[in-house]
Amino acid sequence: MNLTTRLETLRTSAIDRLAAAGDVAAVERLRSDLLGRTGELTILLKDLGTIPIEDRPSVGRLANEVRGALEAAIDTRLAAMRETALEARLADEAFDMSLPGRPRAVGHLHPILTLIRDLREIFHAFGFEVFEGPEIETEEYNFELLNIPPDHPARDLWDTLYVAEPGSVEAGASRPAADGTILRTHTSPVQVRAMRALDPPIRVLMPGRCFRYEAVDPSHGFEFFQVEGLVVDRDTSLADLKGMLEEVARALYGRGVRTRFRPGYYPFTEPSVAFDIGCLVCGGEGCPACGRSGWMTILGAGMVHPVVLRAGGLDPAEYQGYAFGMGPDRMTMLRHGIGDIRLFFSGDLRFVTQFVEGR
Ligand code: PHE
């Protein structure tokens, strides 16, 4: 077989073998088998020297043509293979841009906390700063220093949860801790802590959780919040207290809110008052929400008792002050028309997520 025929045969067989190569690796292998340094074409051209000299240019041209044709065919095949592979991968990774995204659950404040924050903001405008005390208190701070001695009948107003004497529960005979440790029944003990920690003039807001030994029903929880306020200065009066609380009520419930003060009783304030707002549900006509009275009590207040000032290390001849204690749980119920205090602690997300807007 002469060289020309062998070149043509190589070309034809190479095209067939290329068509049979199944993947990129096989094609690359074929390239080196045909065109590599020891490839079939290279070996074939070694015989160029054996043919007549006048035939060499034409056979050489043919050899170059075959090489070019094979290279082109191989490159085309590889490009086609890569294209197919890319398309397959893209089809595999495809995602539908028109699908709606998955919403992220975003948390928000509990409605009681929202109300406490609103109170902080309102009282901030009156110059109050926040002062916090412990939830686990002593009987001394919770009662004695507030002018409520051990056998005073007023203790019955605050049914107390006692912390047990260490070991007594395990021994099967639980009794109150001998050092008087209890869960605070109100935030008023923080009044004394604030007076002992700060120098007058004092203007503090004292929010926090309180606990009482209560039978739980729609309007009573054994755990609830209070926001206490205390002002101590050289010349404060009940008139200041009255004017400020009326402004606070307007800020919280709107300018049209009706307010009234009634006489009240607390051992740690003298005189003591209760502060009512016109019922937000019936507007004052009387309905089940306000016990048909047309009024709702939102806080207790009064002028700080001299005994309490002295317990705080202050001279009642030099300083007076006023204090108030609000119930944010009840105020939140009024704000949203919530009928059962137990819902606040139910842990039911359907309940709390109703108040995403805050009010
Ligand atoms: N501590 C009182 C209560 O829990 C409320 C109160 C606070 C009254 C401050 C007067 C002054 O009922």
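Some notes on this structure:
- Lone qualifier among Glu132, Glu137 - being touching a residue at least 40 places away in the same chain (Cβ under 8 Å), among the charged types (D, E, K, R), within 14 Å of the ligand (Cβ to nearest atom) and touching a Pro at 6+ places or on another chain (Cβ under 9 Å): Glu137
- Considering (1) within 23 Å of Gly321 (Cβ to Cβ); (2) more than 16 Å from the ligand (Cβ to nearest atom), the lone condition that Cys279 does not fulfil carries the number (1).
- Complete set of residues in the stretch 203-220 that are away from the ligand (no atom under 14 Å from the Cβ) and modelled with pLDDT of 95 or more: Arg203
- Matching option when the condition is more than 23 Å from Phe225 (Cα to Cα), more than 16 Å from the ligand (Cβ to nearest atom) and in contact with a Ser or Thr (Cβ under 6 Å, 6 or more places away or on another chain), among Ser98, Ser168: Ser168
- For beta carbons closer than 8 Å, sequence separation of 6+ or different chains, a first residue in the stretch 212-237 that is over 30 Å from Pro201 (Cα atoms) and part of a loop (DSSP other than H, G, I, E, B) and a second that is modelled with pLDDT under 90 and within 11 Å of the ligand (Cβ to nearest atom), the qualifying pairs are Arg212/Trp158.
- Single unsatisfied condition, Glu223 versus (1) of a type in the set (Asp, Glu); (2) surrounded by 15 or more Cβ atoms within 10 Å (Cβ to Cβ); (3) within 12 Å of the ligand (Cβ to nearest atom): (3)
- Within the stretch 132-181, the residues that satisfy the criterion of being at pLDDT 95 or above, among the aliphatic types (A, V, I, L, M) and assigned to a helix (DSSP H, G or I) are Leu145, Leu146.
- Test for Leu334: is it in the same structural domain as Met206 (by TED's automatic domain parsing) and without any contact (Cβ under 8 Å) to a residue 24 or more places away in the chain: no
- Of everything in the stretch 226-257 that is within 16 Å of the ligand (Cβ to nearest atom) and among the β-branched types (Val, Ile, Thr), the residue that is surrounded by the fewest Cβ atoms within 10 Å (Cβ to Cβ) is Thr236.
- Close Cβ contacts (under 6 Å, 6 or more residues apart or on different chains) running from residues in the stretch 318-331 that are under 14 Å from Glu270 (Cα atoms) to residues that are within 8 Å of the ligand (Cβ to nearest atom) and small (Gly, Ala, Ser) comprise Phe324/Gly229; Phe324/Ala301.
- Residue tally, condition in contact (Cβ under 8 Å) with a residue 12 or more places away in the chain and among the hydroxyl-bearing types (Ser, Thr, Tyr), over the stretch 20-35: 0
- Note on the stretch 24-62: residues that are farther than 17 Å from Thr12 by Cα, β-branched (Val, Ile, Thr) and surrounded by 13 or more Cβ atoms within 10 Å (Cβ to Cβ) total 2.
- Matching residues in the stretch 308-321 - criterion: being under 41 Å from the mean Cα position of the chain (by Cα) and more than 16 Å from the ligand (Cβ to nearest atom): Gly313
- Qualifying residues in the stretch 92-131 (those that are in a helix (DSSP H, G or I) and in contact with a Lys or Arg (Cβ under 9 Å, 6 or more places away or on another chain)) - the one nearest to Leu349 (Cα to Cα): Pro111
- Matching residues, the stretch 286-307, being part of a helix (DSSP H, G or I) and within 16 Å of the ligand (Cβ to nearest atom): Pro306, Val307
The values are calculated or read from the model by the stated rules, or taken from the named source; none is laboratory data. As the structure is a prediction and not an experimental result, all values here were calculated from the model. As a convention, Cβ positions derive from the backbone with ideal geometry for all residues, glycine included, and neighbour counts pool all protein chains shown.
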